[in-house]
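Chemist: What follows is a single structure, and I will ask about it in a moment.
The values are calculated or read from the model by the stated rules, or taken from the named source; none is laboratory data. All figures in this text were calculated on a predicted structure; none of them were measured in a lab. Don't worry about glycine lacking a Cβ; one is built from the backbone with ideal geometry, like all the others, and counts go over all protein chains shown. Note: areas computed on protein heavy atoms with side chains; ligands, DNA, RNA excluded. Shrake-Rupley method; radii C 1.70, N 1.55, O 1.52, S 1.80 Å.
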2 protein chains.
Amino acid sequence: MLTSQKIIDFLQMTASGTPLPGGGSVSALSAALGAGLTEMVANLTVGKPGYETVEIEMKKIAETVKNLREKLVAEVDNDSNAYNEVLAAFKLPKATEKEKEHRTEAIQEAMKNAARVPKGVANDALQVMDLAERVIKSGNRNAVSDGAVGVMMARTAVLGALYNVKINLASVKDQAFVEEMMREVNKMESRVHEREKEILSHVKV
Amino acid sequence: MLTSQKIIDFLQMTASGTPLPGGGSVSALSAALGAGLTEMVANLTVGKPGYETVEIEMKKIAETVKNLREKLVAEVDNDSNAYNEVLAAFKLPKATEKEKEHRTEAIQEAMKNAARVPKGVANDALQVMDLAERVIKSGNRNAVSDGAVGVMMARTAVLGALYNVKINLASVKDQAFVEEMMREVNKMESRVHEREKEILSHVKV
């Protein structure tokens, strides 16, 4: 698992002249870091004097965002694996007509999956932004800037993941699939800039 | 060292209900990841047909951004250490007048340092953005979205680090120091949004 690597080694692997791990996995990691910061702010709020009225809300947020974080950790690998599956499909034999047909289908399936995985990351990262908003608005004031960094990490994750969706969609021939995905991509993309601005407007530093 | 931790453990430490590692260290890590992606795009360009004219430039970028990455890896710890020094200063004895005076001075010194460290991160992250721009414009087209994610990781690092500068400056009493730092903060802050937009406009996905 990529996330079982030491940070310093993951950075080294990213920097090296091989495409993996690349922007897709880093986007998922960015979302996981945003989730971690959101969880921290919620945890730093629970049990603190002055925050009694939001205690139940913060406990719920901590739990929800922990689940998202664990899901996003898996996505760091899923994104790289999806890319590897595309490469593997390209390497399938293509000597006979039947092999060619099978190979083309396998490539198309792998490409669709390589678009689905980052779309899931973008979706989860948007949820992290919503949760970060709540800890910024009602959580421990002393940790508000941690929440702000969390929002921005999640924002970059959304946009980074959507770049990867679009790149992979460019190779998908199933137009109905592409159109449906692009509708969702455009919706998320137009929403994320505004959402970040809105959420950060509550951060007074 | 924080960056000797496994990613999954670093995420767990971030999420837990202690302030460290927090938004400052995550910002430095975000910049290091941005540097890593920029380096990857440069490395994926060197030796590739069609990119002969930019080979020397890409080799130089890879080297420069590698140095930045290594510096930023150290900043992940430096940021947390700077916060710990502030806490340590607050715990100094304050029974006598002399002790009180020494404690106040130590707190002020630690606060100044806790503002200087993230300012350095913001500065390095801005440099990462400049280098990412060059790999996006002239590097391997197949990796352009990795460069885009790199820019956004660095952008979040700049803004996240600047939040931390401002928070720590709020406790610094040396007005000349505060004003000088705020001038630089405002300059970087106003520049980063525009720079990101400008750089990403070259990414056609």
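Chemist: Consider a paramagnetic label point 7 Å from the Cα of A:GLU101 along Cα→Cβ; state which residues of the stretch A:162-177 have an amide N under 19 Å from it.
Modeler: A:173-174
Chemist: Mind ranking B:ILE56, B:ILE7 by accessible surface for me, highest first, 1.4 Å probe?
Modeler: Largest to smallest exposure gives the sequence B:ILE56, B:ILE7.
Chemist: Find the sum over both chains of the accessible area lost when A and B are paired, probe 1.4 Å, and report it in Å² to the nearest 100.
Modeler: Rounded to the nearest hundred, the buried surface is 4300 Å².
Chemist: Run through the other copies and list how far each one's label point is from that of A:LEU87, in nm with one decimal, shortest first; the point sits 7 Å from Cα along Cα-Cβ.
Modeler: 4.2
Chemist: So if each residue of separation counts as 0.36 nm, and I subtract the Cα-Cα distance between B:LYS6 and B:LEU87, what length gain in nm does that give?
Modeler: Here the answer is 26.5 nm.
Chemist: Note down the net charge around A:THR64, summing +1 for each Lys or Arg and -1 for each Asp or Glu among other residues with Cβ under 14 Å from its Cβ.
Modeler: Once positives and negatives cancel, what remains is -1.
Chemist: Quick one: with all protein chains in place, what share of the accessible area of the stretch B:1-118 is carbon or sulfur, to the nearest percent (1.4 Å probe)?
Modeler: For the stretch B:1-118, the apolar C and S fraction of the accessible surface comes to 56 percent.
Chemist: When chain B is modelled as a GNM with alpha-carbon springs shorter than 10 Å, which of B:SER25, B:SER80, B:SER190 fluctuates the most?
Modeler: Evaluated over chain B, the most mobile residue of the options is B:SER190.
Chemist: Considering only the label points, 7 Å along Cα→Cβ from Cα, what distances in nm to one decimal separate A:LYS100 from the same position in each other copy, shortest first?
Modeler: Result, one decimal in nm: 9.0.
Chemist: Within 10 Å of each Cβ in peptide A:156-165, how many partner chain Cβ atoms are there on average? Round it to a whole number, please. The partial results should precede the final answer.
Modeler: Working: counts 13, 4, 1, 4, 9, 1, 2, 9, 5, 1.
Rounded to a whole number, the mean comes out at 5.
Chemist: Now for a separate question. Considering the dipole of the protein assembly as shown built from charges on the beta carbon (Lys and Arg +1, Asp and Glu -1) around the Cα centre, which of A:GLN5, B:ALA32, A:HIS202 is farthest to its positive end?
Modeler: Ranked along the dipole, the leading option is A:HIS202.
Chemist: Find the relative contact order for chain B and round it to a whole percent, using C-alpha pairs within less than 8 Å whose residues are 6+ positions apart. Mind dumping the intermediate values first?
Modeler: Values: 283 pairs, mean separation 57.6, N = 205.
Reported as a whole number, the value is 28 percent.
Chemist: Once every DSSP H run of n ≥ 4 in the protein assembly as shown is given -39500 (n - 2.57) and the sum is divided by its residues, what mean residue ellipticity at 222 nm do you get, rounded to the nearest 500 deg cm²/dmol?
Modeler: Here the helix-only value at 222 nm equals -28000 deg cm²/dmol.
Chemist: How much net charge surrounds B:PRO93 when only the other residues with a Cβ under 15 Å from the Cβ of B:PRO93 are counted, with Lys and Arg +1 and Asp and Glu -1?
Modeler: +1
Chemist: In nm, give the distance between the simple-model label positions of A:HIS193 and B:LYS137, each being 7 Å from the Cα along the Cα-to-Cβ direction.
Modeler: Once both label points are built, they end up 2.2 nm from each other.
Chemist: Beta carbons within 10 angstrom, averaged per residue: use that to sort the peptides A:88-98, A:157-167, highest first.
Modeler: The most tightly packed comes first, giving A:157-167, A:88-98.
Chemist: Where the centre of each part is set by its Cα atoms, how far does the stretch B:1-71 sit from the stretch A:36-50, in angstrom?
Modeler: With the stretch B:1-71 and the stretch A:36-50 each reduced to a Cα centre, they are spaced 29 Å.
Chemist: Now for a separate question. Work out which residues of the stretch A:122-155 lose at minimum 20 square angstrom of accessible surface when the other protein chains are put back, relative to the chain isolated, with a 1.4 angstrom probe, and list them by number.
Modeler: By number: A:SER145, A:ASP146, A:VAL149, A:MET152, A:MET153, A:ARG155.
Chemist: How many nanometers, to one decimal and shortest first, lie between the label point of A:LYS137 and those of its other copies, if labels sit 7 Å from Cα toward Cβ?
Modeler: The projected label point of A:LYS137 is separated from its counterparts by 4.2 nm.
Chemist: Let me ask you something else. Leaving out ligands and nucleic acids, note down the accessible area per residue over the stretch A:9-119 with a 1.4 angstrom probe, in whole Å².
Modeler: Values: 5010 Å² over 111 residues.
Here the residues of the stretch A:9-119 average 45 Å² of exposed surface.
Chemist: Label points 7 Å out from Cα along the Cβ direction at B:LYS60 and A:LYS94: separation in nm?
Modeler: 4.0
Chemist: Under 13 Å from the Cβ of B:ILE107, count the other residues' Cβ atoms, weight Lys and Arg +1, Asp and Glu -1, and hand me the total.
Modeler: Charge balance in the 13 Å sphere: 0.
Chemist: Hey, can you rank A:133-144, A:115-126 by average C-beta count inside 10 Å, highest first? Let's see the in-between values first.
Modeler: Values: A:133-144: 20.5, A:115-126: 23.1.
Final packing ranking: A:115-126, A:133-144.
Chemist: Given a cut-off of under 8 Å on Cα pairs at least six residues apart, what relative contact order in percent is computed for the stretch A:25-123?
Modeler: So the answer I get is 32 percent.
Chemist: So which DSSP H runs in chain B come out at 27 Å plus along the axis (Cα) with average Kyte-Doolittle of at least 1.6?
Modeler: Working: long enough: B:23-43 (29 Å, 0.90); B:55-90 (52 Å, -0.39); B:97-138 (62 Å, -0.76); B:144-169 (38 Å, 0.96); B:175-200 (37 Å, -0.98).
Going by DSSP H runs, there are no hits.
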